[in-house]
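Asks: A single structure is presented below for examination.
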Amino acid sequence: MPVVAAIADSSDSRIVEEAEKLATAFDRELHVVHVISMGTTDADIGGVSDDSSDRLREIAKERTKAATEGVSDDPIHVGLVDSNPSQRVISYASEVDAEYIVIGGRKRSPTGKAIFGSAAQSILLNANRPVLSIFSN
C-alpha cells in the first residue's frame, strides 16, 4: 500500500516532501505521479503533439523526477496521460491500493473555485481513501 504524491508540475517538491514523511512513517513505498492532460497543446510541452502519448508519459515522468530532487528514498516515478487528470490520479491510487494520496493546491476564493474548478478539489471530493492536502498561496 504505497503513498501517492500527485504533483501538478516539477516545482511541487513540498508535496513530495510531505508524502515522503508519510511513506517513511508508515514504511510504505512512495509513488510520485504527474498526469498530463490529453488536451495539452504543443506550446505547453515544447512541441510534442497530442497523439504522441508515449512521449507525453515520458515528459510527465521527467517532471516527477525533477520534483523529487533531494528525496532521500528512491520513489517510483509515474507519468500518465488522461483527459481527466484528477480522476486518473484517483484511479491510479486505486490500482496500486494506495494508503494515502498527497496533493497540493492554491488557495482560491469560492468564486474562483466555481469558475475555474480545481483538480485538488475534485480529488478531495471523490477519492475513496485518505487525502492529505498541502495548500499554498
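What follows draws every value from the coordinates through simple rules; no lab data is involved. Just so you know, these numbers come straight off a predicted model, no measurement behind them. Because the Cβ atoms are built from the backbone with ideal geometry, glycine has one as well, and the counts that use them run over all protein chains shown.
Asks: Using the basic label-point model (7 angstrom from Cα toward the beta carbon), what is the Asn126 to Ser10 distance in nanometres?
Replies: 2.8
Asks: Search the structure for amide H atoms under 5 Å from the amide H of Ala5, placed 1.01 Å from N in the peptide plane, and list their residues when 5 or more places away or on another chain.
Replies: His31, Val32, Val33, Val102
Asks: Given labels modelled 7 Å from the Cα in the Cβ direction, how far is it in nm from Ser72 to Ser94?
Replies: 3.5
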